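The values are calculated or read from the model by the stated rules, or taken from the named source; none is laboratory data. What you are looking at is a predicted structure, and each value in this text was computed from that prediction instead of being measured. Cβ atoms come from the backbone with ideal geometry, glycine included; neighbour counts cover every protein chain shown. Accessible surface areas use protein heavy atoms only, side chains included; no ligands, DNA or RNA. Shrake-Rupley method; radii C 1.70, N 1.55, O 1.52, S 1.80 Å.
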Amino acid sequence: MKIIRYLDAAGRVEFGRRHDDQSVTRLEGDLFAGLVDTGQRADVQKLLAPLEPREILCIGLNYRKHAEEGGKPIPTQPVLFMKNVGSVQNPEDPILLPRRLRSDMVDYECELAVVIGRPCKNVSKAEALDYVLGYTCANDVSARDWQMRWGGGQWCRGKTFATFCPLGPALVTRDEIRNPNSLGIRTVLNGAVMQDWNTGDMIFDVPTLVEFLSGSTQLLPGTVILTGTPHGVGSARTPPVFLQPGDRVAIEIERIGALSNPVAEEPDGRA
């Protein structure tokens, strides 16, 4: 099932099922306990991120050519960092370039996002996918100056600004994607293809990541795992390519869809 989350005309947050003909019917129930298709046409006024994550766990350098383009050694274990849940952004809402803590080196990263569907601790690789609810597209937006220079040796500061984790457009349940490591994935910036690869090239595949992240650790329903980006990021290009106001960046993953966001400057104030 392709599950979307949306606002209706009354401002209510609802879930819907997107069908192959792009029509949407309203779902009732709970995302994790179970949703039932009412068969009623959904009143979709605004598309939202497909869930509000409990936490966001991220894997760095999980594609060999991406590690090489950044001059990094190939990891022997998954490289873990985190993003603030306040960084989540909806499809079609803007990625905001930070201005209070200014960055002029904001980069895109197409990533497959894995959503954990039930409590998960010390699971084996063989059973790992049984704990997955489904998959969606993610853009691990990254301020490279804060990530590499001013973050105190940690990546999180440059990865976790507001709007730096667009998710969507839909959550595709695991029964529709039997093998998450066989999907085409790419980034399109202003109509130009910047990244174009396949999730089959991950150094640590999805079952390995779930096994590793659940080791002696409780993963709760709603945990989102960003699984890394392939080569072609803007910071590794000559000359570098960073996001600018007025840009539009889309993350496309086979069998999931396209997550598209415009780019704008952070406005003054607290909004």
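Its residue count N fixes a reference of 2.2 N^0.38 Å for the chain, and the Cα radius of gyration divided by that reference is 0.96. Residue-wise HN-Hα couplings along region 171-185, as the Karplus relation 6.51 cos²θ - 1.76 cosθ + 1.60 with θ = phi - 60° gives them from phi, are 9, 9, 5, 5, 5, 8, 10, 5, 10, x, 9, 8, 10, x, 9 Hz; Gly and Pro carry x. Using a probe radius of 1.4 angstrom, the carbon and sulfur fraction of the accessible surface of region 1-135 is 46%. Taking Cα centre as origin and charging only the Cβ of basic (Lys, Arg, +1) and acidic (Asp, Glu, -1) residues, the dipole magnitude of region 151-271 rounds to 140 debye. Could you check the simple spin-label distance between Gln22 and Thr217, using points 7 Å along Cα→Cβ, in nm with one decimal? In this crude label model, Gln22 to Thr217 measures out at 3.9 nm. Take region 104-246 with all the other protein chains still there, run a 1.4 Å probe, and you get 36 Å² of accessible area per residue. Relative contact order for the chain: 25 percent, from Cα pairs under 8 Å spaced at least 6 residues apart, divided by residue count.
A DSSP coil position with no more than 15 other Cβ atoms inside 10 Å describes the following chymotrypsin sites (Phe, Trp or Tyr not before Pro) in region 132-240: Trp150. Two decimals, Cα atoms only, Kirkwood Rh: what is Rg/Rh over region 129-230? That ratio is 0.97, to two decimals.
Percentage of Cα-Cα pair distances in region 76-157 greater than 16 Å, rounded to whole percent? When every Cα pair of region 76-157 is considered, 65 percent fall beyond 16 Å.
How many percent of the accessible area of region 149-195 is carbon or sulfur, using a 1.4 Å probe?
Ligands and nucleic acids excluded, carbon and sulfur reach 47 percent.
You can think of it this way: the chain between Arg41 and Gln154 has 36.0 nm of extra reach, that is 0.36 nm per residue less the Cα-Cα gap.
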